Amino acid sequence: MSVRRLSWRTIVVLVGSVGSTWLSTSAFGQGAGADEAAVTIDGEYGYGLPPDVSVHGHEIDRLINVLHLFGFITLVGWTAFMGFCLVRYRQRPGRGATYKPRIKPVHIYFVVFIAVFELILDIGFSNPVLATAKQKLPTEKDRPIHVRVMAEQFAWNFRYAGPDGRFGRVGPQHVDQVMNPFGVDPDDPNGEDDIVSGELHAAVGRPVLCQLSSKDVIHSFSIPVMRVKQDVIPGMRIPMWFEAASPGTYEIACAQLCGNNHYTMKALLVIHDSEQAYEEWLASKAASELDDEEFDEDEFED
Amino acid sequence: MSADVLPYTVKPHPITGLYSGKFGMWLFLASEVMLFGAFFSSYILLKFSAPSEGAAAWPTHDERHLSWVVAGANTLVLIISSVTMVMAWLSLKGNNLAKGRLFLGVTAALASLFLAFKIFLEYIPHWHEGYTTSHSVFFGLYYTMTGLHGLHVIGGILVMVYFIGPGSKLWRSDPEYYTNRIECTGLYWHFVDLVWIVLFPTLYLMN
Amino acid sequence: MSNEADHHLGFWRKYVFSTDHKVIGIQYTITSLVFLLFGFSLLMLMRWQLAYPGREIPILGKFLSESIAPGGVMLPEFYNSLGAMHGTIMVFLGVVPLGVGGFGNYFMPLQIGAPDMAFPKLNMLSYWVYAVGGLIMMTGFFVPGGAANSGWTAYPPLADIATLGQTVWLIGMVFLITSSLFGSVNFIVTIVHLRARGLTMFRLPFFVWAQFVTAFLLLLAMPPLEAAGILQLLDRVAGTSFFMPEGLVISGVHQVGAGGGSPILWQHLFWFLGHPEVYVLLLPAMGIVAEVIPANTRKPLFGYKSIVYSVLFLGFMSFIVWAHHMFLTGMGTTMSTFFATTTMIISLPSVVILTALALSLYKGAIRLTVPMLFALAFLPMLGIGGLTGLPLGLPASDIYLHDTYYVIGHFHYVVAPGIVFGLFAGIYHWYPKVTGRKMNETLGRIHFVLSFVFMNMVFMPMFFQGMAGVSRRLYDQTVYTHGSAVQDLTVLSSWGAWCLGLAQIPFILNFFLSIWKGKAVDANPWQATTLEWAAPSPPPHGNFVTQPVVHRGPYEYSVPDRSDDFFPQHALAES
């Protein structure tokens, strides 16, 4: 069961670094403080949109801002009209209502305006952004970082192809929750150098192309600072991509209720400031895997 | 009772041309269409999203081991029962309660025969051969859809038995009302028949 | 019309197993109000965990069982149960039965001048199936593992592998769906067949139109959910795998079974109901507001025909927008664009209706009665709900806002300050018809002002939380940095919820005390025009003393050259 698996991880983590994430996985609701002590999340967070560190996120922000500006103006106008009516046309002795007053067709203009506005938003704003997000997947020319993302209750696993650039075959029958969370086929030579990590690492200037899949239930892969989110559905492999504009450490969240500990299903996204730094991380990760260690000390030094 | 004073329980409404019961039955059937429609849509969606090979692949016609002979016989039984249902209604229209009840009885008997075939010649042998609900999505749907249809058949039988027995007292006070009720039962029964006529090729014949 | 025999009915036949639409309407109203209060209490409990994660629940915590809240601190599974049951109760056991079962049952036949519903026994059956369904839902709290905890949307595979409570939930849903099926058939036949003489379709009050469209939505949208419920039930109890794909590894265990199902199928079936369901919730409340506004502005509803055509169009369109709940399931951009476009189109009839209702205020003689206050608040609140629907209906902005608190804020603005205010307006408006007494104005105004303030205090912060990127259904959002940053908003929202609970006390007092202490009024205290006011208060069995005949449209207020400022539908013209 999930509880057992979590305690397994707890033991592994405890050996490596002194209990940095212990609270977040074992004590309900006490996680936040302990986690933040170990890892500093970059960026200023507040009531508005979180920082946008992606190359394309500003398009979504712009759409959201336009919509809210429009909504705010409409609502203010609407309320002002109602307020005016309430003050001006309160029932007073000696003055009745007007039966079917003649009015200028402002309401028709209003509805037509809304229709046109929505059409413009849909075709002019939403569709291009959607096309960028869903269809313009990075090609090999863009030198994307290929990552396989495997969601499970309640963790994210990330897999890199390793030096050979090929991912090993996977099968559910090979899954071992601790040693082989992806279920990489041990007989497939492509899989031997695959690098599995609990954090997503990438570099500024290189798009990240994730292939999302889930072991058990529906999850949703959400990186607020990258303005991306995609449901992860068991039985399907869904591509998703983003490109970071500035380095730092950020959070990845699960946005779809996936079970009791849904709220703990968090992972870190580390954006290295150069390709070189990313490659170094990858190399050290690969080396530590070859050492046949279950954990990697670097992982906890960020 | 207020029901007695409600208009259009027996006489048709001038605009819809239906008495309330018949109108209600048509509406009910509309929702039944949506219910079975949802199952058929699910069938199509699951069939086309199934992997092309492996354990979860959709079984081909031969892999289903469903005999069209029994099902075909059952189709015939249901079609005949639809005819006897109409005969029952026509007899009542012709003011003959005894004959109407007889045909209702025949319809109910045919419906029971359908169920007996279904259970003893199909469900039980299939289950013992290992084609259970958990065998595959196809068999899951097969049991679900035919089972739901079977429940509708049972419902129909219960209604018919009621109208042959205690329900027929209504004939003495208001024969037209009674006849209308049989007509509504008939509408329902034709629908149940129709569902089977779509189920039969979907599950047994199509590849 | 009333029959001598009716006076000899025993207690059980008269008040419990009654076939009188008015008794059934009252039964529905009381039951659904109790469920609303209960569903709201669940929410107040949840809000504690959200505001003060990991702290012991004050007072109540001591009474909760160790298995759900050890030491008074609720467990995530209990939190998820509360969330799922809150949604289910509010939607399926609270708002719909109140709007359709309660108001629809009581006032629709009165407004069309009918002695009763077309199928009185079916009506009774509908109520009792609903009541049993509700009870079954409640038993979920007592089974091992607690009540359903996979969200009110019950997405598989999570719901497929959830604890026993989910099975109970599914059985309860099948009952509720059956109940609304009976109800909807009855409503449609009644509206078409039992209208009073002279009451043509275009003389129907808008409330009746709203019920008519609602009934069609229930009739045609509920069966797919029933199908989905049956399939999920079989997945859980009969070993099928309709919603389970091949090769699942659940808690480290490879599921060796047939597989081959599709988790997306459930979402299609669920949202095929889910979206029409929004209008099932909304339309009765909108209908009530459309009754209250003309009566309190003393002038006809602006653009009656355009509203009616809009609501018909709305009903039709609501069947082809469902997948806008599923933009992130990996559907193609063509599909996304199609559903985004239909979503933009369906917003237009709502805009037309809201605009017409607001324009009805223009050049009126507005009385700020309690029902009018609620009806007036309904308009901008629903406006906020609608406008915040736009960013969710456009797939691009939905990428960011999907499954965040923004969604919660959006649909709660539609349902809580919107629809629930409409239903409150209905209670204050029609209370004199049911009891013969008015509810207390002062208590009503207190109830309104407090509810208005606290409703906004609960739901406005959610938009900011959502914008900050906080996912919904989190047991503890402070796990995330962006969640901790807006935790103070959560606290504000929670306090709003608890105060909102307190704000209902004047209403509850008013509701019960007015039965005996309220000001006794005549049959038509609001001087309204529609037919229900032609019947005595409370209406006797059979409703009308003399069967009314209708001569004109529903909202003939302030007709020029008349001494009264209202011209009832059944009144003969002055010669």
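The values are calculated or read from the model by the stated rules, or taken from the named source; none is laboratory data. Keep in mind that what you see is a predicted model, and the values were worked out from it rather than measured. Quick reminder, even Gly has a Cβ in these numbers, built from the backbone with ideal geometry, and neighbours come from all protein chains shown. Ligands, DNA and RNA are stripped out before the accessible areas are found, and what is left, the full protein with its side chains, is counted by its heavy atoms. Shrake-Rupley method; radii C 1.70, N 1.55, O 1.52, S 1.80 Å.
Of all residues assigned to segment C:155-173, none qualifies as being within 24 Å of the chain's Cα centre (by Cα), open to solvent by 40 Å² or more (accessible area, probe 1.4 Å) and free of Cβ contacts under 8 Å to residues at least 40 places away in the same chain. Within segment A:158-171, residues that are open to solvent by 60 Å² or more (accessible area, probe 1.4 Å) reach partners that are at pLDDT below 90 and assigned to a strand (DSSP E or B) with beta carbons closer than 8 Å, at six or more positions or on different chains, in the pairs A:ARG169/A:VAL184; A:VAL170/A:VAL184.
Among the residues of segment A:254-281, the ones that are in a helix (DSSP H, G or I) and surrounded by fewer than 20 Cβ atoms within 10 Å (Cβ to Cβ) come to 5 in all.
In this structure, A:ALA202 does not satisfy being small (Gly, Ala, Ser), over 26 Å from A:ASP273 (Cβ atoms) and either at pLDDT 90 or above or assigned by TED's automatic domain parsing to the domain that holds A:THR74 (or both). Within segment C:459-501, restricting attention to residues that are open to solvent by less than 10 Å² (accessible area, probe 1.4 Å) and among the aromatic types (Phe, Trp, Tyr), the residue that is farthest from C:VAL407 (Cα to Cα) is C:TYR480.
Listed by position, the helices (runs of 4 or more DSSP H) enclosed by segment C:104-201 that each have at least 2 residues that are under 19 Å from C:PHE92 (Cα atoms), small (Gly, Ala, Ser) and away from chain A (no Cβ under 14 Å) are C:120-139, C:165-193. Within the bounds of segment B:64-76, is there any residue that is within 11 Å of chain C (Cβ to nearest Cβ), more than 24 Å from B:ILE157 (Cβ to Cβ) and open to solvent by less than 40 Å² (accessible area, probe 1.4 Å)? Taking every residue of segment B:64-76 in turn, none turns out to be within 11 Å of chain C (Cβ to nearest Cβ), more than 24 Å from B:ILE157 (Cβ to Cβ) and open to solvent by less than 40 Å² (accessible area, probe 1.4 Å). Inclusion of C:PHE216 among residues that are closer than 19 Å to C:PRO276 by Cβ, within 11 Å of chain B (Cβ to nearest Cβ) and open to solvent by 10 Å² or more (accessible area, probe 1.4 Å) is warranted. Among the residues of segment A:174-193, at least one is part of a strand (DSSP E or B) and either facing chain C (nearest Cβ under 9 Å) or of a type in the set (D, E, K, R) (or both). Of all the numbered requirements in (1) over 24 Å from the mean Cα position of the chain (by Cα); (2) more than 20 Å from A:PRO128 (Cβ to Cβ), C:PRO349 misses one, and that requirement is (1).
Scanning segment C:319-343 for residues that are hydrophobic (A, V, I, L, M, F, W, C), more than 10 Å from every other protein chain (Cβ to nearest Cβ) and open to solvent by less than 30 Å² (accessible area, probe 1.4 Å) yields a total of 3. Checked against the criterion of being within 10 Å of chain C (Cβ to nearest Cβ), in contact (Cβ under 8 Å) with a residue 24 or more places away in the chain and more than 30 Å from C:SER241 (Cα to Cα), the candidates A:ILE218, A:ILE223 yield just one match: A:ILE223.
Only residues that are touching a Gly at 6+ places or on another chain (Cβ under 9 Å) and not hydroxyl-bearing (Ser, Thr, Tyr) were counted in segment C:540-571, giving 11. Among the residues of segment C:123-145, the one identified as small (Gly, Ala, Ser), more than 26 Å from C:HIS21 (Cα to Cα) and open to solvent by 10 Å² or more (accessible area, probe 1.4 Å) is C:GLY145. Quick one: in segment B:120-146, of everything that is more than 14 Å from chain C (Cβ to nearest Cβ) and free of Cβ contacts under 8 Å to residues at least 24 places away in the same chain, which residue is farthest from the chain's Cα centre (by Cα)? The extreme case among them is B:HIS128.
Here's the yes/no breakdown for (1) assigned to a helix (DSSP H, G or I); (2) more than 8 Å from chain A (Cβ to nearest Cβ); (3) open to solvent by less than 30 Å² (accessible area, probe 1.4 Å):
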position: C:LYS299; (1), (2), (3): no, no, yes
position: C:LYS305; (1), (2), (3): yes, yes, no
position: C:VAL311; (1), (2), (3): yes, yes, yes
position: C:LEU314; (1), (2), (3): yes, yes, yes
position: C:MET317; (1), (2), (3): yes, yes, yes
position: C:ILE345; (1), (2), (3): yes, yes, no
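For segment C:37-89, the candidate set comprises residues that are among the aromatic types (Phe, Trp, Tyr) and not in a helix (DSSP H, G or I); within that set, the residue that is most open to solvent (accessible area, probe 1.4 Å) is C:PHE63.
Do we find a residue being within 13 Å of C:LEU359 (Cβ to Cβ), more than 7 Å from chain C (Cβ to nearest Cβ) and either of a type in the set (S, T, N, Q) or part of a helix (DSSP H, G or I) (or both) anywhere in segment A:85-102? The answer is no, given that none of the residues of segment A:85-102 is within 13 Å of C:LEU359 (Cβ to Cβ), more than 7 Å from chain C (Cβ to nearest Cβ) and either of a type in the set (S, T, N, Q) or part of a helix (DSSP H, G or I) (or both). Do the conditions hold for C:VAL249, that is, is it farther than 18 Å from B:GLY140 by Cβ, open to solvent by less than 10 Å² (accessible area, probe 1.4 Å) and more than 7 Å from every other protein chain (Cβ to nearest Cβ)? No; evaluated as a whole, the condition is false for this residue. Kindly evaluate A:VAL175 against the criterion of being open to solvent by less than 10 Å² (accessible area, probe 1.4 Å), β-branched (Val, Ile, Thr) and in the same structural domain as A:LEU257 (by TED's automatic domain parsing). Against the criterion (open to solvent by less than 10 Å² (accessible area, probe 1.4 Å), β-branched (Val, Ile, Thr) and in the same structural domain as A:LEU257 (by TED's automatic domain parsing)), A:VAL175 does not qualify. Over 22 Å from C:GLY25 (Cα atoms), touching a residue at least 12 places away in the same chain (Cβ under 8 Å), over 15 Å from the mean Cα position of the chain (by Cα) and more than 10 Å from chain A (Cβ to nearest Cβ), is that true of C:TYR405? Considered against the rule, which asks whether it is over 22 Å from C:GLY25 (Cα atoms), touching a residue at least 12 places away in the same chain (Cβ under 8 Å), over 15 Å from the mean Cα position of the chain (by Cα) and more than 10 Å from chain A (Cβ to nearest Cβ), C:TYR405 comes out as yes.
Contact map, segment C:337-366: first residue among the charged types (D, E, K, R), second residue open to solvent by 30 Å² or more (accessible area, probe 1.4 Å), Cβ cut-off under 7 Å, separation 6 or more or different chains; pairs are C:LYS363/A:THR98. Contact map, segment B:32-59: first residue more than 8 Å from every other protein chain (Cβ to nearest Cβ), second residue surrounded by fewer than 20 Cβ atoms within 10 Å (Cβ to Cβ) and outside any helix (DSSP H, G or I), Cβ cut-off under 6 Å, separation 6 or more or different chains; pairs are B:LYS47/B:TRP58.
The residues of segment C:365-404 that are closer than 17 Å to C:MET326 by Cα and in a helix (DSSP H, G or I), listed by number, are C:GLY389, C:LEU390, C:PRO391, C:LEU392, C:GLY393, C:PRO395, C:ALA396, C:SER397, C:ASP398, C:ILE399, C:TYR400, C:LEU401.
Okay, residues lined up against (1) open to solvent by 50 Å² or more (accessible area, probe 1.4 Å); (2) in a helix (DSSP H, G or I); (3) within 15 Å of C:PRO223 (Cα to Cα):
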site	(1), (2), (3)
B:THR9	no, no, no
B:PRO14	yes, no, no
B:LEU18	no, no, no
B:GLY24	no, yes, no
B:LEU27	no, yes, yes
B:VAL33	yes, yes, yes
B:PHE36	no, yes, yes
B:PHE40	no, yes, yes
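Checking each residue in segment C:237-267 for being touching a helix residue (DSSP H, G or I) at 6+ places or on another chain (Cβ under 7 Å) and part of a helix (DSSP H, G or I) picks out C:VAL237, C:LEU265, C:TRP266.
Residues C:PHE411, C:PHE378, C:PHE374, C:PHE421: which one is surrounded by fewer than 24 Cβ atoms within 10 Å (Cβ to Cβ) and of a type outside the set (Gly, Ala, Ser)? Answer to the selection: C:PHE411.
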